[in-house]
Amino acid sequence: MPRSDEDLMLAVRGGHESAFGEIVERHQAPLLRFFVRLGADAAQAEDCTQDVFVKLYRAREGYVPRAKFTTYLYRIARNHWIDVVRARRASPAPVSLDAPVEGEGEPSDLASRIPAAGGEDERRDLLEEIERAIARLPEEQRLVFVLGEVQGLPYVEVGEILEIPVGTVKSRMHAAVQRLREILAPRRVR
């Protein structure tokens, strides 16, 4: 039976380096998708993911399993993303609208829930349109939506990661869904 993330992190804290490799293997793809959904391109998502794992490793001595490991990990990721956004605002980089939104062709929870009624091309177009719509959400709503709907985390855990009450998570999620409906409404008319 595989060891829990918490047990692996305690092993890392105890000096077992191989346990950290298991953590990276388990959480690398979801973290990459998390950063892509927040607006990073593929290269930036890889850099951010690597930075989060470096921060996680450096924090190993102080790790105490008070909450789920994913809460701990995504809090580090969220804080890192805030730093990235602040740096980006200080010196914005040009963005290509033609850049692919989906990272490395990895399937996401969101992608698996989109029906393939009109064929694979239509499904891919819809997914890309949804990804662009998510990128247009305000940062607070995008974080809640990505953690809750794309990463599939429960609202309680999203609240812990973002350090906000569950009620705030729900209201931001509601606002995000409403905004996405507005953005994607023209598609329904077609």
Just subtract the alpha-carbon distance of residue 17 and residue 58 from 0.36 nm times their residue separation and send over the number in nm, one decimal. 13.5 nm
Once you compute Rg and the Kirkwood Rh from C-alpha atoms, what is the Rg to Rh ratio for the stretch 114-190? 1.04
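Each reported figure results from applying straightforward, stated rules to the coordinates on display, with no laboratory input. Predicted model only: the values in this text are computed from it and were never measured.
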